[in-house]
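Each remark here refers to the structure printed beneath this line.
Derivation of every value follows stated rules applied to the coordinates shown; laboratory data play no part. Here the structure is a predicted model, which is why all the values come from computation and not from measurement. Positions of Cβ are generated from backbone atoms using ideal geometry, with glycine treated the same way; all protein chains shown enter the neighbour counts.
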Amino acid sequence: MSKKKDKDKEDKKEIQAFKFEIFPTKEQEEYLIENQKACSTFFNCGLKIAISQYKIPIAVNYSYRTSISFSVLICSSFSILPFEMKFDSYLREKKTDFLLKKVPFVCCGKIRDEVNKLKKTEKYKFLNKAYSQSLNNMIYGNEGNLDNAFKKFFKDHTGYPNFKKKYQYKDISLYLPEDSFSFDVEGEENFVVIPLAKGIKIDKRIKIIVHRRIAGKVKSARISSNNTDRFFISFTVERELSDFELKENKAIGIDYGLKHFATITTGEKIDNPKYYQNKERQLKKLNKKKDKKAFKKCNTCKFVIPFKDKINHKIKNCPTCKTPLVISKNYEKAKNQISKHGEKIKNQRNDFLQKQSTELIRNNNLVVLENLSMKNMSKNKKLSKALLDTGWSEFVKMLEYKGKWNNCKVVKIDRFYASSKICHNCGYKNKELKLSQRIWICPNCKAELDRDFNAALNILFKYLSDILIQSVLSQNPCNINYVLNFLNINKVGGALPDFKPAEKSTSGIELKKFDFIRSSSGKQEMSPVREQLLLFS
């Protein structure tokens, strides 16, 4: 019995992240940047050893979508298998299992030990100044970057791991295990005590602003930075789901749009803020200023390489006096202005999505969405900018993980379901409906329909009707009552002022505004969807 209880407790636990901004001093900032650069070189050394030891082809950074021809593949038995074919056709012939068996397993644990031996050499002595746990985690560990990259490459065919570039060190986050850091309070200020490498004498405490309570058991932490030289620390916390409050049963359907960010079955329409489109002109002006600046210059003879001359960007020494060229400070200032502008747009969008998602999850128990593919939709050149500006895919991710925390079920229906073309009153499908028609009249029941609101109702009805069909076939009365309880919720379809609900139905279930339609003769009749649902009550 104790083992079963332990398993139930583990299932109820969920991992959550809490992110806070930290304010290191100049010495601490230099130490963190050196750690990030050391982690990138540590990763590159491990990838070099993997290529040389296992002789995995790396000529062209291939993936399963690009057509690259193979001439030789080294097998696990180190015997050469000659064949010439394209990788796409190879996967189409369903021979991926053969490919996985023949490609050798990359042991990242041994690679980590071999890279650690390089610390003794003069070339890689600077790796000793970095924290060892964050270095080892770049290759192998709980969140090993190289280990996970090879697993995805061999199993999911995502693409071969790339080398980290010099200017990409800011994208690397420093891993800190559970027992390596702690918290300290001095007056009204809070501090995080981080571990240091041997021989480094700086203050361990970094100032942190804790804007919310960390609930749960802290497992690990990661220190990261962005292009505007701001540092953050994120704590991974294990939290029980039973801590969250229960709420009343409420169900909504959400339709996605461009003019309105989302239309809900309650009749509410969330406006699209268009953060990027509103500030696009300012970004263009800043980019023009950056293009006019000098990219590199010589301090002795005043030799200048403009930014537009991208062919000569790789020149390191001055052609006249042969002194090393330096990146212009004016160019760095212009670049920082663009990155700050882009960060502000990102923060505004993130704040908007966080607030809207929390409000919808906390006030509802069921949220039904469309399973849209933003990757395919953004291929439309005319709408791609507006589609990506909304951040809908990130919004769906927020709804999914917040739904687990707050006892709210988030469901997706089929993306090919014609939700906007079907009348929710009578079920008539208007195949001739155009995208420009935002309000249309149903030719069958003569009802005036708002395109987005009609789609939101159809999305909700589609999921509920699917549950009813499954419950009737399986003869499960619990699911039938589950659906009927959701249909009796207030404010579902409450934006139809012409339809008046009856006081009570014959089955004792209260009927709402969306339960009736107006026929061509002008009489109110029960909708066929509701009529079918009442048969099972």
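Summary of computed values
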item	result
Exposure proxy order (Cβ contacts within 10 Å, fewest to most) of Met374, Met398	Met374, Met398
Spacing of the two label points (7 Å from each Cα toward its C-beta) at Glu240 and Glu432, in nm	6.3
Over segment 289-388, relative contact order from alpha-carbon pairs under 8 Å, at least 6 apart, %	19
Protection-proxy order for peptides 176-185, 286-295, each taking the mean of Cβ atoms within 10 Å per residue, highest first	286-295, 176-185
Solution diffusion estimate, µm²/s, Stokes-Einstein, segment 313-435, Kirkwood Rh from C-alpha pairs, 25 °C, viscosity 0.890 mPa s	128
Arg212 paired with Glu268, simple spin-label distance in nm, labels 7 Å along Cα-to-beta-carbon	1.8
Footprinting exposure proxy for Arg212, Arg349 (fewest neighbouring C-beta atoms within 10 Å first)	Arg212, Arg349
Positive minus negative residues near Thr390 (Lys, Arg vs Asp, Glu; Cβ under 12 Å)	+1
Nonlocal amide H pairs with Ser220, under 5 Å, H built at 1.01 Å	Thr236
Per-pair calculated FRET efficiency, R0 = 41 Å: Glu27 and Leu283 via Cβ, rounded to 0.05	0.75
Thr320-Asn350 pseudo-label distance in nm [points 7 Å out on the Cα-to-Cβ vector]	4.6
Compactness of segment 280-330 - radius of gyration and Dmax, Cα, Å	12.5, 42
Ascending count of other beta-carbon atoms within 10 Å, so fewest first, for Thr358, Thr390	Thr358, Thr390
Selection from Thr320, Thr236, Cys298, by position along the positive dipole direction of segment 219-336 (Cβ)	Thr320
Among 162-175, 120-133, 448-461, the order from most to least packed when residues are scored by Cβ within 10 Å on average	448-461, 162-175, 120-133
For segment 234-362, convex hull volume per residue from C-alpha positions, Å³	172
Net dipole in debye of segment 280-330 [+1 Lys, Arg Cβ; -1 Asp, Glu Cβ; about Cα centre; nearest 20]	200
Stretchable slack from Glu178 to Leu372, in nm (0.36 nm times residue separation minus alpha-carbon distance)	66.0 nm
Net charge over other residues, Cβ less than 10 angstrom from the Cβ of Lys333 (K, R count +1; D, E count -1)	+4
